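The values are calculated or read from the model by the stated rules, or taken from the named source; none is laboratory data. Worth saying up front: this structure is predicted, and the values here are computed from it rather than measured. Neighbour counts are summed over all protein chains in view; Cβ atoms, including those assigned to glycine, are modelled from backbone coordinates with ideal geometry.
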Amino acid sequence: MPIHHAIWTVGTNPEPLNLSKLATEKELEDMITARPEILSDEWMLIGRQEKTGFGGIIDLLAIAPDGSLVLIELKRDQTPREIVAQALDYASWVEGLAAKAISRISSRSEVRLAISRRSAGKALEAVMAETTNAAAHDRSEKASPRRAIVK
């Protein structure tokens, strides 16, 4: 028997919210870029549609407060096997990123706009320095992913 989930309004007469479906993965990506706290209020987006060294494109890349990179891949209508294989490929690419490459990714203008909203006026370079210096130093100038998110 399937399990039914619903999100309800709060009030004296609760009503279930209408179900809706996103037309594309890009629509969800745009929403997350505009409001990254949809996923986490601790992550800072640093990359969007990042090309990997082997022909793939990562949807979103974020950095956590501890300096670890968070790979975010948005999926729709694909088999679990395809998704896992792609996430593993992307994670191996992210694992090899040096601090300079992370800084270069984060300096792109499209992502910089989202970051500037998120970082409450701090200069991007200061935010990157805070989050990557200790982690990169401890890992020989490489940042190691600890999270891969597939939505």
*Return yes or no: is G53 loosely packed, with under 12 Cβ neighbours inside 10 Å and on the phi > 0 side of the Ramachandran plot?*
no
_Only listed residue being out of contact with any Gly (no Cβ under 6 Å at 6 or more places or on another chain), modelled with pLDDT of 85 or more and under 20 Å from L97 (Cβ atoms), chosen from G56, G11_ = G56
_Answer residue from segment 89-99, given it is part of a helix (DSSP H, G or I) and touching a residue at least 40 places away in the same chain (Cβ under 8 Å) and is surrounded by the fewest Cβ atoms within 10 Å (Cβ to Cβ) among those_ = E95
*In segment 33-48, what residues are surrounded by 15 or more Cβ atoms within 10 Å (Cβ to Cβ) and either outside any loop (DSSP other than H, G, I, E, B) or of a type outside the set (S, T, Y) (or both)?*
T33, P36, L39, W43, M44, L45, I46, G47, R48
*Kindly indicate which of S107, S92 is in contact with a helix residue (DSSP H, G or I) (Cβ under 9 Å, 6 or more places away or on another chain), farther than 16 Å from E29 by Cα and at pLDDT below 90.*
S107
